[in-house]
Amino acid sequence: MTTLLTTQDIARIVATQGLPQTLRRLASTIEADFRRWPEFDKTARVASHSRDGVIELMPIADHALYSFKYVNGHPKNTRVGLPTVMAFGVLADVATGRPELLSELTLTTAMRTAATSVMAARALARPDSRTMALIGNGAQSEFQALAFHHLLGISEIRLFDIDARASAKLQRNLAAVPGLRLRVCSSTAEAVQGADIVTTVTADKANAAIITPAMLEPGMHVNGVGGDCPGKTELHPGVLQAAKVFVEYEPQSRIEGDLQQMPADFAVTELWRVLTNQVSGRDSAEQITVFDSVGFALEDYSALRFLRDAARELGLGRPIDITPTMADPKDLFGLLGPAAGRASQAAPAPQACLA
């Protein structure tokens, strides 16, 4: 049987563990899997683009487990009462192909993206970072804010969104978080000025230049989350030229990330190499660093592993027969029951063709 985890199950996990601990465990699981990067069979995600959005499949496997995520990105969805991003995923046993887990990943994607952002910032941002600008205050913004507050010690977040209602929503949701100061700004430039970390998480499918070279300051770390498909960017090319740039999986990032604007020989470093101490991250307190994050399948693999283990600990999820259970594995037809055989016998004989 396959275990099904619904949105309600994920909410129960978070309610039981607390969001800070959930994010902490997610970040730890993701980092552990990034550290064994060479063990995975990796590929860029498969995308089907349309005028209004994209639908993607994100597969990955190691020697024991295979996973994939189905995910969409449709910025106009909120106009019809749907989330911009909707997702589910499967974790399967490599030895048999049996799906072990079928889980919602819409809520989980927001959490794993925030956990990945913090994992990268730990390796790349200045250790004394305390202020962050958060540009784009939509569905994923609270998760980014809380991850950086609880896991990295960010105490002040400057907010900006072209939709003032989004910033008001974020401020309302996080108003009671102890030790976190929120300040709504009137522009991106105002929010970014003096920030140690800048996180961009916008939704519009457009070649935008939300962060420009003039906004950069020595020692700043830029966490670019929203530029995640062809034709969708957030950072001016000059920002990348002024920084040391890090990515998840280079073949995918060159197609989908802000990196798509740069020539093929523009130098970047895959983050796993920093986490395994093969190369340096930040080289000085004054250096500008960029994490061009597009979201990679390994992060969802890690998230599914975490959900499987947390659900077992808490007794959550329900078994479903998404694949058949058979007394004789070769007798698939027998699952239809005796009636199927009788129906076949009762079928009229084919009529002869007339010349």
For this session: Being open to solvent by 10 Å² or more (accessible area, probe 1.4 Å) and of a type in the set (Ser, Thr, Tyr) is the filter here, so list the residues in segment 255-304 that pass it.
Result: Thr269, Thr276, Ser280, Ser284
Exercise. If Ser67 satisfies every condition in (1) modelled with pLDDT of 95 or more; (2) closer than 25 Å to His49 by Cα; (3) part of a helix (DSSP H, G or I) but one, which is the exception?
Worked result: (3)
Problem set entry | Condition met for Gln252 (under 29 Å from Asp52 (Cα atoms), polar (S, T, N, Q) and over 19 Å from the mean Cα position of the chain (by Cα)) | no
Exercise. When you go through (1) at pLDDT below 95; (2) touching a Leu at 6+ places or on another chain (Cβ under 8 Å) one by one for Gly231, which number turns out not to apply?
Worked result: (2)
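Kindly establish whether Gly97 is open to solvent by 20 Å² or more (accessible area, probe 1.4 Å), touching a residue at least 60 places away in the same chain (Cβ under 8 Å) and part of a loop (DSSP other than H, G, I, E, B). Show your work before the answer.
On the way: open to solvent by 20 Å² or more (accessible area, probe 1.4 Å): yes; touching a residue at least 60 places away in the same chain (Cβ under 8 Å): no; part of a loop (DSSP other than H, G, I, E, B): yes.
Answer is no for this residue.
Restricting attention to segment 305-333, report how many residues are touching a residue at least 12 places away in the same chain (Cβ under 8 Å) and within 12 Å of Asp9 (Cβ to Cβ). Even if it seems obvious, please write down each step before you answer.
Taking segment 305-333 as the starting set, the residues that turn out to be touching a residue at least 12 places away in the same chain (Cβ under 8 Å) are 305-308, 310-311, 314, 316-323, 325.
In the following step, the residues that additionally are within 12 Å of Asp9 (Cβ to Cβ) were identified as 307-308, 310-311, 314, 316-318.
Adding up the residues that qualify gives 8.
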Exercise. Given the conditions (1) open to solvent by less than 60 Å² (accessible area, probe 1.4 Å); (2) touching a helix residue (DSSP H, G or I) at 6+ places or on another chain (Cβ under 8 Å); (3) without any contact (Cβ under 8 Å) to a residue 40 or more places away in the chain; (4) more than 30 Å from Asp9 (Cα to Cα), which single one is not true for Pro230?
Worked result: (3)
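Matching residues to (1) open to solvent by less than 40 Å² (accessible area, probe 1.4 Å); (2) under 21 Å from Ser253 (Cα atoms); (3) outside any helix (DSSP H, G or I):
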position: Pro178; (1), (2), (3): no, no, yes
position: Ala191; (1), (2), (3): yes, no, no
position: Ala195; (1), (2), (3): yes, no, yes
position: Lys205; (1), (2), (3): no, yes, yes
position: Ala208; (1), (2), (3): yes, yes, yes
Seminar exercise, completed: Cβ pairs under 7 Å, 6+ apart or interchain, first in segment 260-271 and charged (D, E, K, R), second assigned to a helix (DSSP H, G or I), ordered by first then second residue, are Glu270/Glu250
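Which one is modelled with the highest pLDDT among residues in segment 234-257 that are assigned to a helix (DSSP H, G or I) and among the β-branched types (Val, Ile, Thr)? Reasoning before the result, please.
Start the filter on segment 234-257 by keeping residues that are assigned to a helix (DSSP H, G or I), which leaves 237-241, 250-256.
Subset that is among the β-branched types (Val, Ile, Thr): 239, 255.
On the way: Val239: 98, Ile255: 95.
The residue in question is Val239.
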Problem set entry | In segment 141-161, the residues that are out of contact with any helix residue (DSSP H, G or I) (no Cβ under 9 Å at 6 or more places or on another chain) and open to solvent by 50 Å² or more (accessible area, probe 1.4 Å) | none
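Check whether at least one residue in segment 160-174 is of a type outside the set (Gly, Ala, Ser) and part of a strand (DSSP E or B), and report yes or no. Walk me through how you get there before you give the answer.
Narrowing segment 160-174 to residues of a type outside the set (Gly, Ala, Ser): 160-163, 165, 169-174.
Checking which are part of a strand (DSSP E or B) leaves us with 160.
Yes, segment 160-174 has at least one match.
The values are calculated or read from the model by the stated rules, or taken from the named source; none is laboratory data. Everything quoted here is computed from the prediction, not taken from an experiment. As a convention, Cβ positions derive from the backbone with ideal geometry for all residues, glycine included, and neighbour counts pool all protein chains shown. Just so you know, the surface numbers come from the protein's heavy atoms only, side chains and all, with ligands and any DNA or RNA stripped out. Shrake-Rupley method; radii C 1.70, N 1.55, O 1.52, S 1.80 Å.
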